[in-house]
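Read the structure below first, then the notes.
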Amino acid sequence: MTNAKAIVFDLDGTLLEHRQAYSEILAATFETVEGEAREEWIERYTDVFDELFEAYEPNPVPRAFASIDACSDPELLADELRRREAPACEPPDAVHADLDRLSDGHRLGVLTNGFEG
């Protein structure tokens, strides 16, 4: 790596980790918007989101929520999920020290496919 001038990292799962299970974040999202969280909703959301995401389809989050017949407002659910996701993430213990060490002599960058806005 001595010839590297820049190092680029993915954000999710590399520089940030979820402090709680993603299914718990989804459940809290459903509970807030719909008043309940059904296991079949979480499974359906996850299956459809993964399919859309892997196919590089636009707007996979609201589209995955829209695939659940009982969901009243997919955009509201997407907004609530977005509101819950960021506070549920934190950097791993050593990431700050690692980035400081790597920044000596390298430009650092972050790529992510997360939410817009």
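What number of residues in region 1-50 are among the acidic types (Asp, Glu), farther than 27 Å from Gly105 by Cβ and surrounded by fewer than 14 Cβ atoms within 10 Å (Cβ to Cβ)? Residues meeting the conditions: 7.
Considering every residue within region 6-26, establish whether at least one is modelled with pLDDT of 95 or more and not in a helix (DSSP H, G or I). Within region 6-26 (the criterion being modelled with pLDDT of 95 or more and not in a helix (DSSP H, G or I)), the answer is no, since none of the residues qualifies.
Residues that are at pLDDT below 95 and over 13 Å from the mean Cα position of the chain (by Cα) number at least 1 in the following helices (runs of 4 or more DSSP H) confined to region 28-95: 39-54.
Of the set (1) surrounded by 11 or more Cβ atoms within 10 Å (Cβ to Cβ); (2) charged (D, E, K, R); (3) more than 23 Å from Glu31 (Cβ to Cβ), all apply to Glu54 but (1).
The values are calculated or read from the model by the stated rules, or taken from the named source; none is laboratory data. Keep in mind that this is a model prediction, so the values were computed, not measured. Positions of Cβ are generated from backbone atoms using ideal geometry, with glycine treated the same way; all protein chains shown enter the neighbour counts.
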